[in-house]
Amino acid sequence: MNHPTEENAVLAGIRVLDFGRYIAGPYCAALLGDLGADVIRIERIDGGEDRSILPVAPDGPGALFLAMNRNKRCLTLDPASTEGREIVKRLVARSDVVIANLPPDVLKSLSLDLESLQAVKPDIILTTTTAFGAGGPWSNRHGFDGIGQAMCGAVHLSGTPEQPVKSSAHWVDFGTACLNAFGTLAALMALGKTGQGQKVETALLNTAIAFNNGMLIEQQVAQTRREAIGNRGYTSAPSDMFRTRDGWIMVACVGNPMFRRIARLLGEEAWLTDPRFRDDAKRGRHGEELSARVAAWAASLSSREALDALAGAQVPAAPIYSPQQALDDEHIKATAMLRDVEYPGLARPAPIATSPVSLSATPGTLRSRAPLLGEHTEEILQELGYGDAEIAALRERKVV
């Protein structure tokens, strides 16, 4: 397969300013960068608050930063200063997209709201994220991923009634980032048709509500009032986590054909005529008994033995991995989901996830590691027309 050069990549020629922090903004920008956009991360002179999350080296970068900021250049800047505002204007004038997951009042104060941006470049696209969305009493409050998980009902349905559990994977943040990228690409398509820019707006709570919509529909229409049942599935069984002789596995059995196969694997032909197990919904309601039988079967086997038997019966199952086991997995290695990338100061290369979307003709590429703090400041300022003496003066005054 021929990978695209920057010149013929899908978003070659598109310039993106990334004022984002943490995940929802930066990961959106990274996805656009994978497709060839020239992404400039704007960062405080002393470094953004998200640069050191999950530190992987003394005084060095954090793991989250390394993942979120591949394929970007970094400009350090005080955007609130007079000269900093002028630099922002020059950047905006030559950009197509501004990403800023900042509160509306902060956007306004930094002249990064849509009206201020359009005064500089009328066809600009602004992609922004809030915690709670517009129109409600919590619209001006701050929030993170776990807040969305908690308020959409997902945490209530996880763990047990005595101990609600949130996911350690930031699915609300990453989901919002993907929706940001989706909306930004749609806005770029509209720009090509109409010549008009626009605002792309997402919210963490909106993402969480959308992703958990099925459970909300069920509650309002059927009034099920579900409670947490550990790792068992609500609407199918046996779907659960099971301990083996040497670890844990996840089994997900859905649909009558699959249920027939696992029943025969376990020698439980009687299940097939039991009215309690007639369909997924009934099996979900009686899942505790089904899980108990699978648990007894799995306990006598190694994880490999159990997984091989389930694969032979065409029942989806997988090992429950630690992060190190995930790194060591043969399938994950063979599919090149992760690429080792060197970074100054790291004891070992960082395994950076490549673009999660595969395009057969124009795939995304991992062209560069996350930038050092201010690594491209001089280069970017020169592109904006600043001379060496001007750049030195800006540094002296701590504008950049």
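Coordinate-derived values only; no laboratory data. Keep in mind that what you see is a predicted model, and the values were worked out from it rather than measured. Glycine gets a Cβ as well: all are built from the backbone with ideal geometry, and neighbour counts include every protein chain shown.
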Out of all Cα-Cα pairs in the chain, roughly what percent, to the nearest whole number, are more than 26 Å apart? 62
So between residue 89 and residue 105, what do we pick up on full extension, going 0.36 nm a residue minus the alpha carbon distance? 3.9 nm
Cross-link pairs 166/398; 108/193; 193/333; 89/166; 282/333; 121/166 - those with Cα-Cα distance over 32 Å: 166/398; 193/333; 89/166; 282/333; 121/166
Find the centroid of the Cα atoms in the range 162-228 and in the range 294-351, then give the distance between the two in whole Å. 28
Along the range 386-393, what does the Karplus equation 6.51 cos²θ - 1.76 cosθ + 1.60 (θ = phi - 60°) give for ³J(HN,Hα), rounded to whole Hz, x for Gly and Pro? 7, x, 4, 5, 5, 5, 4, 5
For the range 83-97, Karplus couplings with θ = phi - 60° (6.51, -1.76, 1.60), whole Hz, Gly/Pro x: 5, x, 4, 5, 5, 4, 4, 5, 5, 4, 4, 10, 10, 10, 9
Using θ = phi - 60° and Karplus 6.51 cos²θ - 1.76 cosθ + 1.60, couplings along the range 312-328 (whole Hz; Gly, Pro as x): x, 8, 6, 10, x, 7, 7, x, 8, 9, 7, x, 5, 5, 4, 4, 8
Find the relative contact order for the range 124-232 and round it to a whole percent, using C-alpha pairs within less than 8 Å whose residues are 6+ positions apart. 41
I want to verify the translational diffusion coefficient of the range 1-108 in µm²/s; compute it with Stokes-Einstein, Rh as the Kirkwood radius over Cα pairs, at 20 °C and 1.002 mPa s. 147
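For the chain, what is the calculated [θ] at 222 nm in deg cm²/dmol (nearest 500), taking -39500 (n - 2.57) for each run of four or more DSSP H residues and dividing by its residue count?
Computed mean residue ellipticity for the chain: -11000 deg cm²/dmol.
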Added length on full extension, which subtracts the Cα-Cα distance from 0.36 nm per residue, residue 120 to residue 338: 74.5 nm
Could you tell me the calculated FRET efficiency between residue 358 and residue 398, based on Cβ-Cβ distance and R0 = 56 angstrom, to the nearest 0.05? 0.80
Per the 1/(1 + (r/R0)^6) rule, R0 = 25 Å and r from the Cβ atoms of residue 231 and residue 300, FRET efficiency to 0.05 is 0.80
Amide H contacts of residue 341 (H built 1.01 Å from N, under 5 Å, at least 5 apart or other chain): 350, 352
Antiparallel bridges, percent of DSSP beta bridges restricted to the chain (to nearest 5): 40
Which net charge results when you count Lys and Arg as +1 and Asp and Glu as -1 among the other residues whose beta-carbon is under 13 Å from that of residue 166? -2
Quick calc: nm separation of the 7 Å Cα→Cβ label points for residue 278 and residue 140 -> 5.7
Between residue 318 and residue 80, what is the spin-label point distance in nm, taking each point 7 Å from the Cα along the Cα→C-beta axis? 4.4
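Please get the size of the charge dipole for the chain, origin at its Cα centre, with Cβ charges of +1 on Lys and Arg and -1 on Asp and Glu, quoted in debye to the nearest 20.
Numbers: 41 positive and 47 negative charges, 187 e Å.
Magnitude of the dipole: close to 900 debye.
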For the chain the mean separation of alpha carbon contacts under 8 Å (6+ apart) over residue count, i.e. relative contact order in percent, is 19
Amide H contacts under 5 Å for residue 125, placed H, 5+ residues apart: 97, 98, 198
